[in-house]
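The values are calculated or read from the model by the stated rules, or taken from the named source; none is laboratory data. Remember, predicted model here, so these are calculated numbers, not experimental data. Note that each Cβ is placed from the backbone with ideal geometry, even for glycine, and that neighbours are counted across all protein chains shown. All accessible areas refer to the heavy atoms of the entire protein, side chains included, with ligands and DNA or RNA removed. Shrake-Rupley method; radii C 1.70, N 1.55, O 1.52, S 1.80 Å.
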Amino acid sequence: AYSWIMSPMIVSVTGVGEVSAPAETATLTFTLSSNADTSQNATSAVKSIVANIKANFASSGIPESDIFESQITVLPASAVVAGATGFQATTSMGIKTNQINSLDGITNNLYSMGAIVVTQPILSVGNVDKLEKQAYDLALKDANTKSWGIALSNWKLIKKVVLIEQSTSQPTSTVTSKADTVSQIENNLSPDDGLIKISKVVSISYKLW
(Lines give C-alpha, C1' and ligand atoms only; values in the text may rest on other atoms or scores of the structure.)
Protein backbone atom coordinates (compact mmCIF):
# COMPACT_ATOMS: atom_id res chain seq x y z
CA ALA A 1 0.00 0.00 0.00
CA TYR A 2 2.85 2.39 0.85
CA SER A 3 4.43 1.77 -2.52
CA TRP A 4 1.10 2.45 -4.23
CA ILE A 5 0.73 5.80 -2.43
CA MET A 6 4.31 6.90 -3.07
CA SER A 7 4.40 5.89 -6.74
CA PRO A 8 1.51 7.61 -8.48
CA MET A 9 1.16 7.68 -12.24
CA ILE A 10 1.85 11.20 -13.55
CA VAL A 11 0.22 12.36 -16.78
CA SER A 12 -0.05 15.69 -18.61
CA VAL A 13 -3.20 16.54 -20.50
CA THR A 14 -3.98 19.46 -22.81
CA GLY A 15 -7.46 20.95 -22.80
CA VAL A 16 -8.82 23.46 -25.29
CA GLY A 17 -11.73 25.84 -24.80
CA GLU A 18 -13.08 28.24 -27.38
CA VAL A 19 -15.83 30.84 -27.35
CA SER A 20 -16.98 33.26 -30.03
CA ALA A 21 -18.39 36.75 -29.74
CA PRO A 22 -19.36 39.45 -32.21
CA ALA A 23 -16.90 42.31 -32.65
CA GLU A 24 -18.15 45.37 -30.78
CA THR A 25 -15.59 48.03 -31.69
CA ALA A 26 -13.10 48.72 -34.45
CA THR A 27 -10.00 50.89 -34.43
CA LEU A 28 -8.70 52.45 -37.63
CA THR A 29 -5.55 54.54 -38.00
CA PHE A 30 -4.70 56.66 -41.01
CA THR A 31 -2.08 59.10 -42.27
CA LEU A 32 -2.63 62.61 -43.60
CA SER A 33 -0.10 64.61 -45.58
CA SER A 34 0.12 67.88 -47.48
CA ASN A 35 2.80 69.68 -49.50
CA ALA A 36 3.17 73.45 -49.77
CA ASP A 37 5.75 76.10 -50.57
CA THR A 38 6.29 76.98 -46.90
CA SER A 39 6.23 74.93 -43.70
CA GLN A 40 3.44 77.16 -42.35
CA ASN A 41 1.23 76.59 -45.39
CA ALA A 42 1.87 72.83 -45.30
CA THR A 43 0.94 72.73 -41.61
CA SER A 44 -2.18 74.81 -42.18
CA ALA A 45 -3.30 72.51 -44.98
CA VAL A 46 -2.99 69.41 -42.79
CA LYS A 47 -4.81 71.14 -39.91
CA SER A 48 -7.63 71.97 -42.32
CA ILE A 49 -7.91 68.29 -43.35
CA VAL A 50 -7.93 67.23 -39.68
CA ALA A 51 -10.70 69.70 -38.84
CA ASN A 52 -12.78 68.52 -41.80
CA ILE A 53 -12.39 64.86 -40.78
CA LYS A 54 -13.34 65.60 -37.17
CA ALA A 55 -16.45 67.49 -38.29
CA ASN A 56 -17.41 64.64 -40.59
CA PHE A 57 -17.01 62.06 -37.84
CA ALA A 58 -19.01 64.16 -35.40
CA SER A 59 -21.90 64.33 -37.85
CA SER A 60 -21.77 60.55 -38.33
CA GLY A 61 -21.96 59.80 -34.60
CA ILE A 62 -18.29 59.30 -33.69
CA PRO A 63 -17.52 61.54 -30.69
CA GLU A 64 -14.29 63.52 -30.45
CA SER A 65 -13.31 61.44 -27.41
CA ASP A 66 -12.97 58.45 -29.77
CA ILE A 67 -10.71 60.34 -32.18
CA PHE A 68 -6.99 60.64 -31.56
CA GLU A 69 -4.17 62.34 -33.43
CA SER A 70 -0.41 62.74 -33.31
CA GLN A 71 1.68 65.89 -33.53
CA ILE A 72 2.20 67.27 -37.03
CA THR A 73 5.66 66.62 -38.44
CA VAL A 74 7.08 69.01 -41.06
CA LEU A 75 10.04 68.15 -43.28
CA PRO A 76 11.60 69.64 -46.38
CA ALA A 77 9.94 67.87 -49.31
CA SER A 78 13.40 67.01 -50.66
CA ALA A 79 13.97 64.85 -47.55
CA VAL A 80 11.01 62.71 -48.59
CA VAL A 81 11.31 62.76 -52.38
CA ALA A 82 14.61 63.55 -54.08
CA GLY A 83 14.46 66.79 -56.02
CA ALA A 84 11.13 67.91 -54.55
CA THR A 85 10.69 71.50 -53.42
CA GLY A 86 8.76 73.08 -50.57
CA PHE A 87 7.69 71.33 -47.39
CA GLN A 88 5.64 68.32 -46.43
CA ALA A 89 3.49 68.20 -43.29
CA THR A 90 2.32 64.80 -41.99
CA THR A 91 0.21 63.58 -39.11
CA SER A 92 -1.47 60.35 -38.02
CA MET A 93 -4.99 59.98 -36.70
CA GLY A 94 -7.16 57.17 -35.47
CA ILE A 95 -10.74 56.46 -34.49
CA LYS A 96 -12.56 53.93 -32.38
CA THR A 97 -16.08 53.12 -33.50
CA ASN A 98 -18.89 50.66 -32.88
CA GLN A 99 -20.12 51.08 -36.45
CA ILE A 100 -18.76 47.68 -37.42
CA ASN A 101 -20.98 47.26 -40.48
CA SER A 102 -19.96 50.66 -41.87
CA LEU A 103 -16.17 50.18 -41.92
CA ASP A 104 -15.90 50.02 -45.72
CA GLY A 105 -17.81 53.26 -46.02
CA ILE A 106 -15.71 54.93 -43.31
CA THR A 107 -12.49 53.85 -45.04
CA ASN A 108 -13.66 55.12 -48.45
CA ASN A 109 -14.76 58.39 -46.84
CA LEU A 110 -11.35 58.86 -45.25
CA TYR A 111 -9.61 58.49 -48.60
CA SER A 112 -12.01 60.96 -50.17
CA MET A 113 -11.19 63.48 -47.43
CA GLY A 114 -7.43 63.25 -47.96
CA ALA A 115 -6.10 60.22 -46.10
CA ILE A 116 -2.92 58.83 -47.67
CA VAL A 117 -3.01 55.40 -46.01
CA VAL A 118 -5.78 53.78 -43.95
CA THR A 119 -4.80 50.67 -41.99
CA GLN A 120 -6.88 47.53 -41.78
CA PRO A 121 -9.37 47.84 -38.88
CA ILE A 122 -8.51 46.13 -35.60
CA LEU A 123 -11.68 44.51 -34.29
CA SER A 124 -12.30 43.97 -30.58
CA VAL A 125 -14.86 42.21 -28.44
CA GLY A 126 -16.44 43.51 -25.27
CA ASN A 127 -16.37 41.97 -21.77
CA VAL A 128 -13.07 40.21 -22.43
CA ASP A 129 -12.70 38.92 -18.85
CA LYS A 130 -16.03 37.11 -19.00
CA LEU A 131 -15.26 35.54 -22.37
CA GLU A 132 -11.80 34.41 -21.28
CA LYS A 133 -13.31 32.85 -18.14
CA GLN A 134 -15.82 30.93 -20.28
CA ALA A 135 -13.04 29.68 -22.56
CA TYR A 136 -10.92 28.72 -19.53
CA ASP A 137 -13.78 26.75 -17.98
CA LEU A 138 -14.30 24.87 -21.24
CA ALA A 139 -10.57 24.11 -21.46
CA LEU A 140 -10.57 22.75 -17.89
CA LYS A 141 -13.61 20.62 -18.66
CA ASP A 142 -11.90 19.25 -21.79
CA ALA A 143 -8.71 18.42 -19.88
CA ASN A 144 -10.68 16.82 -17.05
CA THR A 145 -12.60 14.60 -19.46
CA LYS A 146 -9.38 13.47 -21.13
CA SER A 147 -7.69 12.80 -17.78
CA TRP A 148 -10.55 10.58 -16.60
CA GLY A 149 -10.30 8.62 -19.83
CA ILE A 150 -6.61 7.98 -19.15
CA ALA A 151 -7.24 7.21 -15.47
CA LEU A 152 -10.00 4.67 -16.11
CA SER A 153 -8.07 2.95 -18.89
CA ASN A 154 -5.24 2.43 -16.38
CA TRP A 155 -7.52 1.45 -13.48
CA LYS A 156 -6.71 4.65 -11.58
CA LEU A 157 -9.67 6.02 -9.61
CA ILE A 158 -8.02 8.83 -7.64
CA LYS A 159 -6.40 11.87 -9.20
CA LYS A 160 -4.89 15.16 -8.09
CA VAL A 161 -3.95 18.25 -10.08
CA VAL A 162 -0.30 19.19 -9.53
CA LEU A 163 0.30 21.83 -12.22
CA ILE A 164 -1.77 24.04 -14.53
CA GLU A 165 -0.32 26.14 -17.35
CA GLN A 166 -2.41 28.19 -19.76
CA SER A 167 -2.26 30.39 -22.84
CA THR A 168 -4.86 32.67 -24.40
CA SER A 169 -5.52 33.93 -27.91
CA GLN A 170 -5.75 37.70 -28.30
CA PRO A 171 -9.33 39.07 -28.12
CA THR A 172 -8.68 41.32 -31.13
CA SER A 173 -8.40 40.54 -34.80
CA THR A 174 -8.26 42.07 -38.27
CA VAL A 175 -10.61 39.36 -39.55
CA THR A 176 -13.71 37.58 -38.30
CA SER A 177 -15.25 34.21 -39.04
CA LYS A 178 -18.80 33.89 -40.28
CA ALA A 179 -21.31 32.97 -37.61
CA ASP A 180 -22.95 29.57 -37.91
CA THR A 181 -26.70 29.18 -37.41
CA VAL A 182 -26.45 28.46 -33.68
CA SER A 183 -24.16 31.45 -33.10
CA GLN A 184 -26.49 33.68 -35.11
CA ILE A 185 -29.40 32.74 -32.85
CA GLU A 186 -27.40 32.98 -29.58
CA ASN A 187 -25.86 36.36 -30.43
CA ASN A 188 -28.76 37.82 -32.43
CA LEU A 189 -26.59 38.14 -35.54
CA SER A 190 -27.30 38.31 -39.24
CA PRO A 191 -25.63 35.80 -41.59
CA ASP A 192 -23.17 38.55 -42.64
CA ASP A 193 -22.01 39.40 -39.13
CA GLY A 194 -18.64 38.02 -38.08
CA LEU A 195 -17.37 36.55 -34.84
CA ILE A 196 -14.03 36.79 -33.08
CA LYS A 197 -12.87 33.57 -31.49
CA ILE A 198 -11.16 33.53 -28.09
CA SER A 199 -9.30 30.36 -27.20
CA LYS A 200 -7.77 29.07 -23.99
CA VAL A 201 -5.31 26.18 -23.91
CA VAL A 202 -4.48 24.59 -20.57
CA SER A 203 -1.84 21.98 -19.86
CA ILE A 204 -2.61 20.12 -16.64
CA SER A 205 -0.43 17.59 -14.89
CA TYR A 206 -2.18 14.98 -12.73
CA LYS A 207 -1.09 12.39 -10.23
CA LEU A 208 -3.18 9.23 -10.59
CA TRP A 209 -3.58 6.44 -8.04
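Checked against (1) in a loop (DSSP other than H, G, I, E, B); (2) open to solvent by 80 Å² or more (accessible area, probe 1.4 Å), Ile62 meets all criteria but (2). A residue that is outside any helix (DSSP H, G or I), closer than 30 Å to Leu138 by Cβ and under 30 Å from the mean Cα position of the chain (by Cα) occurs nowhere in the stretch 69-92. Restricting attention to the stretch 110-141, the residues that are open to solvent by 50 Å² or more (accessible area, probe 1.4 Å) and within 17 Å of Thr29 (Cα to Cα) add up to 7.
Going by the conditions given, is Ser39 surrounded by 14 or more Cβ atoms within 10 Å (Cβ to Cβ) and of a type in the set (Ser, Thr, Tyr)? Answer is yes for this residue. Scanning for something at positive phi and exposed (fewer than 12 other Cβ atoms within 10 Å of the Cβ), does the stretch 67-78 turn up at least one residue? The answer is no, given that none of the residues of the stretch 67-78 is at positive phi and exposed (fewer than 12 other Cβ atoms within 10 Å of the Cβ). In the stretch 157-171, the residues that are more than 26 Å from Leu131 (Cα to Cα) form Cβ pairs under 8 Å with partners that are part of a strand (DSSP E or B) and modelled with pLDDT of 85 or more, at six or more places apart or across chains, as follows: Ile158/Leu208; Lys159/Tyr206; Lys159/Lys207; Lys159/Leu208; Lys160/Tyr206; Lys160/Lys207.
Whether a residue is in contact with a Lys or Arg (Cβ under 6 Å, 6 or more places away or on another chain) and not hydroxyl-bearing (Ser, Thr, Tyr) was assessed, and Val19 does not pass this test.
Apart from one condition, Ser177 fits all of (1) modelled with pLDDT of 90 or more; (2) under 20 Å from Val16 (Cβ atoms); (3) under 23 Å from the mean Cα position of the chain (by Cα); the exception is (1).
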